[in-house]
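Asker: Have a look at the structure that comes next, please.
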Amino acid sequence: MGFDTEGFLGSDAQRLVDEQLAAYPDLFAFAQQCSATAMKTVLLPLSADNRGVSAGIMFARCIAQFQGAIILAEHGLPIESMLLTRALYETNFVLGALANKKVTPEELVDGDFGNRKKMGNVLLPISKKESSPEQHAKLAAFIAENAETKSLSLEEMARRAGMQLVYDGIYRHLSHFAAHPSVTAASGYFVELPGSRGHVAFQPLTSDTPKAIIAACSGIMIACSAFEKAAKTNLEINTEIKTRLDREEVLYQKYRPWND
């Protein structure tokens, strides 16, 4: 049994990994280097206040999202990898705003409750019909207690982080090419055949691997730069980040991932 019957969860999984590593050795080597830099960067000392802790947990999330994106790309799932990388950029916007001291941890907590309040308002009429009176009253009380909270949009976070161009560029690209159910994002499953109109084929979309790897590596380097700004950096980390950014430019020029 192989991919045709088991998909990505089948016995062909390791074969896909081996093929990816053989097809793009320079990209995966670079991803490993970026990961090593991120793991060194997370050890930089931070202030023990709320801002420092907030920056630390956001950077930890960035590393997890990056490593998850690389694992997905390695296993022949570059579209899903880019979906996770899109989330990495979202975390970057918050981390960048913290690093620039353009948002406070208290605002982030307030924004978190603001988002929960929005969800609660949507669920309230459903709760009245479907939940017990006690559960409905608890939800109504939560909404009332947080009436003054305001959610923070990702675009606002990007602006505060000084990452508006990142938001309007790669983030919007990843939204359309990966996260949204667009024809573009799903087009790899359409296969044209001679003498026919084509058909749908469930298959690894590995031609998008360069996009996935370069986008993820770019995202984690942005995160490293922001975290470095929030923490007490050192010359070794600073130099290593610059080296990775230079290498990223070389690989970008080689693969031109967004030029198709």
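The values are calculated or read from the model by the stated rules, or taken from the named source; none is laboratory data. These figures come from a predicted structure and were not determined experimentally. For neighbour counting, all protein chains shown are included, and Cβ atoms are generated from backbone atoms with ideal geometry for every residue, glycine included.
Asker: Return the residues of the stretch 156-186 that are closer than 15 Å to Trp258 by Cβ and surrounded by 15 or more Cβ atoms within 10 Å (Cβ to Cβ); say none if nothing qualifies.
Answerer: The answer is Val166, Ile170, Tyr171, His173, Leu174, Ser175, Phe177, Ala178, Ala185.
Asker: What number goes with the only condition from (1) in contact with a Ser or Thr (Cβ under 7 Å, 6 or more places away or on another chain); (2) closer than 25 Å to Gly219 by Cα; (3) not assigned by TED's automatic domain parsing to the domain that holds Gly10 that Leu98 does not pass?
Answerer: Among (1) in contact with a Ser or Thr (Cβ under 7 Å, 6 or more places away or on another chain); (2) closer than 25 Å to Gly219 by Cα; (3) not assigned by TED's automatic domain parsing to the domain that holds Gly10, the lone unmet condition for Leu98 is (3).
Asker: Restricting to the stretch 176-186, name every residue that is within 14 Å of the chain's Cα centre (by Cα), under 13 Å from Lys211 (Cα atoms) and small (Gly, Ala, Ser).
Answerer: Ala178
Asker: Filter the stretch 108-163 down to the residues that are of a type in the set (D, E, K, R) and farther than 30 Å from Leu95 by Cβ and list them by number. Give the steps one after another, and end with the answer.
Answerer: Let us first name the residues in the stretch 108-163 that are of a type in the set (D, E, K, R), namely 110, 112, 116-118, 128-130, 134, 138, 145, 148, 150, 155-156, 159-160.
Correct list: Lys128, Lys129, Glu130, Glu134, Lys138.
Asker: Could I ask something else about it? Report every pair of residues separated by at least 6 positions or lying on different chains whose Cβ atoms are under 9 Å apart, first residue within the stretch 155-167 and free of Cβ contacts under 8 Å to residues at least 12 places away in the same chain, second surrounded by fewer than 23 Cβ atoms within 10 Å (Cβ to Cβ) and charged (D, E, K, R).
Answerer: Matching pairs, first to second residue: Arg159/Lys102; Gln164/Glu155.
Asker: Another one. It is to be established whether one or more residues within the stretch 126-141 are touching a residue at least 60 places away in the same chain (Cβ under 8 Å) and of a type in the set (Gly, Ala, Ser).
Answerer: no
Asker: Of the residues that sit in the stretch 187-227 and are assigned to a helix (DSSP H, G or I) and more than 21 Å from the chain's Cα centre (by Cα), which one is surrounded by the fewest Cβ atoms within 10 Å (Cβ to Cβ)?
Answerer: Ser187
Table: residues versus (1) crowded, with 21+ Cβ neighbours inside 10 Å; (2) more than 21 Å from Arg244 (Cβ to Cβ).
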{"residue": "Leu43", "(1), (2)": "no, no"}
{"residue": "Arg61", "(1), (2)": "no, no"}
{"residue": "Phe66", "(1), (2)": "yes, no"}
{"residue": "Arg86", "(1), (2)": "yes, no"}
{"residue": "Val103", "(1), (2)": "yes, yes"}
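Asker: If you don't mind, another one. Out of the stretch 203-226, which residues are in contact with a Gly (Cβ under 8 Å, 6 or more places away or on another chain) and within 13 Å of Val42 (Cα to Cα)?
Answerer: Ala226
Asker: State all residues of the stretch 233-251 that are in a helix (DSSP H, G or I), surrounded by fewer than 17 Cβ atoms within 10 Å (Cβ to Cβ) and not charged (D, E, K, R); if no residue qualifies, say none.
Answerer: Within the stretch 233-251, Leu235, Asn238, Thr239, Thr243, Leu245, Val250 meet the criteria.
Asker: Against the condition hydrophobic (A, V, I, L, M, F, W, C) and surrounded by 17 or more Cβ atoms within 10 Å (Cβ to Cβ), how does Ala230 come out, does it pass?
Answerer: Numbers: hydrophobic (A, V, I, L, M, F, W, C): yes; surrounded by 17 or more Cβ atoms within 10 Å (Cβ to Cβ): yes.
Considered against the rule, which asks whether it is hydrophobic (A, V, I, L, M, F, W, C) and surrounded by 17 or more Cβ atoms within 10 Å (Cβ to Cβ), Ala230 comes out as yes.
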